[in-house]
Amino acid sequence: MKKLILSLAVVLALSSAAFANHPSGETDRAAISFKKEFHKASEVSWAQTNNYLQAQFQLDNEVLFAYYDFQGNLVGVVHNILTSSLPENLQKELKKYYSGYWVSELFQVSNDEGSYYYIQLKNADETIVLCTEGTNAWHRYSMPKQKIANL
């Protein structure tokens with residue numbers, strides 16, 4: 001389940017996904033949970049995928065994304081960050097191994113299991129995605145095509 005939300009977050013953050021309107025019963029459960037968890041949030045908007053409800057909102061001058069299952073349970077929170085916000089060891093790895101790339105996307109995913117980072121790097125020849133999922137170092141991220149098709 002946690003792998004699926006992380007995969008979902010990567011796909012949604014790195015691509016322009018279209019969302020459909022969601023049924024009000026599912027929205028109500030998620031909205032109630034959201035209001036309890038993020039009662040100081042403003043500018044809240046909701047979207048839906050096949051598997052999750054997403055709340056985009058502002059909190060403390062940051063744009064955040066909270067993902068809920070259809071029972072209203074918080075699955076994870078995603079927010080974009082700057083490379084200077086990364087732990088020092090991750091910054092050093094980027095400089096050492098990926099100095100020929102520029103950062104096109106960087107975000108942090110937080111859930112019950114901890115916090116993970118995802119970064120999209122580009123150069124003239126390729127685009128790669130790295131993550132720290134389950135480790136304290138970068139590794140290449142690839143999502144099975146089957147999971148992408150199910151989103």
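The values are calculated or read from the model by the stated rules, or taken from the named source; none is laboratory data. Predicted model only: the values in this text are computed from it and were never measured. Glycine gets a Cβ as well: all are built from the backbone with ideal geometry, and neighbour counts include every protein chain shown.
Determine which member of the set 123, 111 is closer than 21 Å to residue 69 by Cβ and at pLDDT 90 or above. Lay out the reasoning, then the answer.
Working: 123 fails: closer than 21 Å to residue 69 by Cβ.
After ruling out the rest, the residue left standing is 111.
Here's the yes/no breakdown for (1) within 13 Å of the chain's Cα centre (by Cα); (2) modelled with pLDDT of 95 or more:
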residue	(1), (2)
58	no, yes
67	yes, yes
70	no, no
102	no, yes
